[in-house]
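What follows is a short report on a single structure.
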Amino acid sequence: MTGIDLAFYVLAGFSIAGGLGLAVTRSVVHGALFLILALMGVGGVFFTLLADFLALVQVLLYAGGVTILMLFAMMLTQVREQPEATNNPQRPWAALASLAFFGAVTATIVVTPWPRNLPEGAQHVEFVDIAGTLFTRWAVPFEIASLLLLVALIGAIIVAREATE
Amino acid sequence: MIPLEHVLIVAAALFSLGLYTVLARRHAVLVLMGIELMLNAVNINFVAFAGYADPDNFTGQIFAIFVIVVAVAEVGLALAIILRLFRLRATANLDEANSMRW
């Protein structure tokens, strides 16, 4: 087992621990902090899977941006520590459904034959290659994604602002 | 090297935890966090398959970038809606947002 393998298992453990914390914690603010742990773990997993650019994007955008936005939303909605607001009577059914889903997916993964290892000579993907591919082969989806972001930005402003009349 | 199965099982575990969070929580922000966790689990799968099955084109990594873009747009809009809900009803509890219920 090389260092990268060990790093993968440790980081995957961190992200699953964060996900478990998010699933069971009684406090919404603790949930956000557990989410940061899980997302940082996922970023580390990206790095061990040779996706350097995505690892950086994950840390900057998710762990830095999205969770801070969520903490802001909690501040503005004056979240209180009420157990009845965080948990639902359908909790046992939810646990059953997600366990059944996990079991089914894991069984499928185990019985399917996969290529055992990374192909020989697999390299970390260079930023310059990602940029080149994104702006040539995937240029149209890129433009559509930027349009989507613009629409979401304007929509969020219109939905969230106070009524003026 | 890391076997592909282990990566996929980690992603499946994260997806199931996100699914449980979405189904079992009432607070709108917690439900949103569960959705983010599920999207991240899917991104792990995209990146794993990009590395193991398609190392020359890394199409999976490009797809993961688009998933992140859509997820961020979704978070921005959803938080705006939650803010609006809180102003109207003074709560972020999803069970009380039932005015469109038949």
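Quick look at the numbers
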{"quantity": "Cβ-derived FRET efficiency at R0 35 Å, B:TRP102 paired with A:VAL110, nearest 0.05", "calculated": "0.20"}
{"quantity": "Low-density loop positions, trypsin sites (Lys or Arg not before Pro), the stretch B:44-102 - DSSP coil, at most 13 other Cβ in 10 Å", "calculated": "B:ARG101"}
{"quantity": "Burial ordering of B:VAL31, A:VAL28, fewest other beta-carbon atoms within 10 Å first", "calculated": "B:VAL31, A:VAL28"}
{"quantity": "For the stretch B:68-75, 3J(HN,Hα) per residue [Karplus equation, 6.51 cos²θ - 1.76 cosθ + 1.60, θ = phi - 60°, Hz, x = Gly/Pro]", "calculated": "5, 4, 5, 5, 5, 4, 5, 4"}
{"quantity": "Cα-based equivalent ellipsoid of the stretch A:126-165: semi-axis lengths in Å, sorted from largest, via gyration tensor", "calculated": "34, 10, 4"}
{"quantity": "Size of the protein assembly as shown as Cα extents on the principal axes (Å, biggest first)", "calculated": "62, 42, 33"}
{"quantity": "Cα gyration tensor shape of the stretch A:1-81, rounded if a/c is under 1.5, else prolate or oblate by comparing a/b with b/c", "calculated": "oblate"}
{"quantity": "A:SER146-B:ARG87 FRET efficiency (beta carbon distance; Förster radius 35 Å; 0.05 resolution)", "calculated": "0.70"}
{"quantity": "Relative contact order (percent, whole number), chain B, Cα cutoff 8 Å, 6+ residue spacing", "calculated": "26"}
{"quantity": "Backbone HN-Hα couplings from phi across the stretch B:84-91 [Karplus 6.51/-1.76/1.60, Hz, Gly and Pro as x]", "calculated": "5, 4, 5, 5, 6, 10, 6, 7"}
{"quantity": "Using alpha-carbon coordinates, inclination of helix B:28-53 to the longest axis of chain B, degrees", "calculated": "10"}
{"quantity": "Inter-chain shielding of B:50-63 (mean C-beta neighbours from other protein chains, 10 Å cut-off)", "calculated": "6"}
{"quantity": "Average other protein chain Cβ within 10 Å of Cβ, residues A:128-141", "calculated": "2"}
{"quantity": "Built amide H within the under 5 Å cut-off of A:VAL125, gap 5+", "calculated": "A:ASP52"}
{"quantity": "Global form of chain B, assessed from the alpha-carbon gyration tensor, a/c cut-off 1.5", "calculated": "prolate"}
{"quantity": "Exposure proxy ranking, count of Cβ atoms within 10 Å, fewest first, for A:LEU54, B:LEU39", "calculated": "B:LEU39, A:LEU54"}
{"quantity": "Value of relative contact order over chain A, rounded to a whole percent, pairs C-alpha under 8 Å and six or more apart", "calculated": "19"}
{"quantity": "Those residues of the stretch A:6-24 whose amide nitrogen sits under 11 Å from the label point placed on B:HIS6, 7 Å along Cα→Cβ", "calculated": "A:6-13"}
{"quantity": "³J(HN,Hα) computed for each position of the stretch A:33-38 - Karplus, 6.51 cos²θ - 1.76 cosθ + 1.60, integer Hz, glycine/proline x", "calculated": "5, 5, 5, 4, 4, 4"}
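Every number in this text was worked out from the coordinates using simple rules, so none of it is lab data. These figures come from a predicted structure and were not determined experimentally. Note that we place each Cβ from the backbone using ideal geometry, even for glycine, and neighbour counts take in every protein chain shown.
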